[in-house]
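Down below is the structure, laid out as structure tokens.
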Ligand code: IPD
């Protein structure tokens, strides 16, 4: 299998780089065609659709028996199903709101799951040329260099990443406010890139120590999971225990101890699952 995975990785990387050109070409275009999905802060552009289309077309030509879960295909009604079959999980632009505003922190997040387990993770910000990669058992890399999490174990010394999210649901917004308000007095600092995948990449890089969010989707976190764990970090459900990738809840951290301390301080929120 390892030789096959190398081949999957090489193809995926070259297709991702190609798709990245679409993002780079459009980021500073001030008249992007934008549609609203679930609400006025949940956006999709023509480029999101073009990137997802390019990735699925090329990957399915290369690997006809593989399956796909894509953010935009799912928004158009395709059922989200993770089976044992090799499945590519795609967020064509993670940080779409950033992309719309020309805030240069957007990326392609692409993962391959085999037997429901993360096997390849690629996070690529083509605007700033940031490439985070991992293959199961082979470590995590930033622009080709090995990366490791910070190893921080003390929440009071931690830089914690969070997101405001992309839904107007009032209960969810209250939860975000509550968690920020309580953590602000406990942690050393808080940061947000506007992209779940890039937040996870920052934890893998050791630039941040933890990240949590209620309301994310499997395509936001699929690549980040492997990159964080291959860099030595952990991923759990924010209430503790194993993460359920379809539960729309995530917590990653540079150590188990930090994950537990953060989990204990969070007010929990359980978003509606996706069909
Ligand atoms: C969103 C971003 C955002 C996070 C949301 C995601 P999208 O993904 O990752 O940072 O807060 O939960 O849905 O819509 O830009 O692909």
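Please list, ordered by residue number, the helices (runs of 4 or more DSSP H) wholly in the range 142-242 having 2 or more residues that are in contact with a strand residue (DSSP E or B) (Cβ under 9 Å, 6 or more places away or on another chain) and away from the ligand (no atom under 15 Å from the Cβ).
Values: elements: 170-183, 196-205, 218-230.
Where helices (runs of 4 or more DSSP H) fall fully within the range 142-242 and carry at least 2 residues being in contact with a strand residue (DSSP E or B) (Cβ under 9 Å, 6 or more places away or on another chain) and away from the ligand (no atom under 15 Å from the Cβ), they are 196-205, 218-230.
So in the range 243-266, with the set limited to residues that are part of a loop (DSSP other than H, G, I, E, B) and touching a residue at least 40 places away in the same chain (Cβ under 8 Å), which one is surrounded by the most Cβ atoms within 10 Å (Cβ to Cβ)? First the steps, then the outcome.
Applying the first criterion (part of a loop (DSSP other than H, G, I, E, B)) to the range 243-266 yields 243-248, 254-255, 266.
Filter once more, keeping what is touching a residue at least 40 places away in the same chain (Cβ under 8 Å): 245-246, 254-255, 266.
Details: 245: 22, 246: 14, 254: 26, 255: 20, 266: 19.
Within the range 243-266, the match that is surrounded by the most Cβ atoms within 10 Å (Cβ to Cβ) is 254.
In the range 103-115, which residues are in a loop (DSSP other than H, G, I, E, B) and either in the same structural domain as residue 247 (by TED's automatic domain parsing) or more than 16 Å from the ligand (Cβ to nearest atom) (or both)?
Across the range 103-115, the qualifying residue is only 115.
Based on what the data block shows, is residue 60 without any contact (Cβ under 8 Å) to a residue 60 or more places away in the chain and either closer than 15 Å to residue 110 by Cα or surrounded by 12 or more Cβ atoms within 10 Å (Cβ to Cβ) (or both)?
yes
Just to be sure I understand, how many residues within the range 122-169 are at pLDDT below 95 and over 17 Å from the mean Cα position of the chain (by Cα)?
2
Residue by residue through the range 74-102, note down the ones that are within 11 Å of the ligand (Cβ to nearest atom) and more than 20 Å from residue 273 (Cα to Cα).
Matches in the range 74-102: 92, 93, 95, 96, 97, 98, 99, 100.
The values are calculated or read from the model by the stated rules, or taken from the named source; none is laboratory data. Not measured: the values here are computed from a predicted model. Please note: Cβ atoms are built from the backbone with ideal geometry, for glycine as well, and neighbour counts cover all protein chains shown.
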